[in-house]
Amino acid sequence: MTIPATAGLKHVKAKVCLVGDVAVGKTSLIKRFVQDHFDDRYIATVGTKVTKKSVDVMWKSAPATLDMMVWDIMGEKGFRALLRDAYFEGSHGVIAVCDLTRKDTFYDLNNWVQMIRKQVGNVPIVFLGNKVDLRERLVVTEDELTRMGAIHNAPHFLASAKSGQGVNEAFQALASSIGQHGEA
């Protein structure tokens, strides 16, 4: 959806968190979305990092610009409880990421969703299966991701931070859901 920019356009901010196990590609997805760039060198995220990108949405049925403040967090299990409160506080939406080549990261999405719901309630969630470009190594099917989305009443996307496939669509879907909630 493209909405023409006008001087009277409503401008809102929303905190968006990416969650998922270590090395599922959260940082790479953010770089692809914000900078349209991919770097295949793995550098573990330490703590959190916040990046901003503005997108056009419908906000309470009117065109608006949404500044997505995208928070990246380390995926290490030991740090989840430590950072959870501060990380999720004030979140307006979440992208839950799994690595389509590692089944355990898919199974762990339920734990991430439970943690999110407990901390911030029923905010919009988008499920994203990353690394779809590694076709010969895929072990998580689209049907499994579809079922996960249906269970949590959330859309799902197959994506590749490397090629860019599905990345903008997933972030835009979350932005649209946040706009429909209209509570940022």
- Message: Quick check on the stretch 68-89: of everything there that is exposed (fewer than 14 other Cβ atoms within 10 Å of the Cβ) and under 21 Å from Phe127 (Cα atoms), which residue is modelled with the highest pLDDT?
- Response: Glu89
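Here's the yes/no breakdown for (1) part of a helix (DSSP H, G or I); (2) farther than 14 Å from Cys17 by Cβ; (3) touching an Asp or Glu at 6+ places or on another chain (Cβ under 9 Å):
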{"residue": "Val140", "(1), (2), (3)": "no, yes, yes"}
{"residue": "Gln165", "(1), (2), (3)": "no, yes, yes"}
{"residue": "Ala175", "(1), (2), (3)": "yes, no, yes"}
{"residue": "Gln180", "(1), (2), (3)": "yes, yes, no"}
- Query: Taking the stretch 134-175, which residues are surrounded by fewer than 20 Cβ atoms within 10 Å (Cβ to Cβ) and of a type in the set (S, T, N, Q)?
  - Reply: Thr141, Thr146, Asn153, Ser163, Gln165, Asn168, Gln172
- Quick one: would you say Thr6 is at pLDDT 95 or above and over 16 Å from Phe171 (Cβ atoms)? no
- Message: Can you go through Leu138, Leu145, Leu128, Leu174 and tell me which one is in contact (Cβ under 8 Å) with a residue 60 or more places away in the chain and either over 25 Å from Val34 (Cα atoms) or touching a Phe, Trp or Tyr at 6+ places or on another chain (Cβ under 7 Å) (or both)?
- Response: Leu128
- Does Met58 meet the test of being surrounded by 15 or more Cβ atoms within 10 Å (Cβ to Cβ), modelled with pLDDT of 90 or more, out of contact with any helix residue (DSSP H, G or I) (no Cβ under 9 Å at 6 or more places or on another chain) and of a type in the set (A, V, I, L, M, F, W, C)? no
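The values are calculated or read from the model by the stated rules, or taken from the named source; none is laboratory data. None of these values were measured; they are calculated from a predicted model. Positions of Cβ are backbone-derived with ideal geometry, glycine not excepted, and every protein chain shown enters the neighbour counts.
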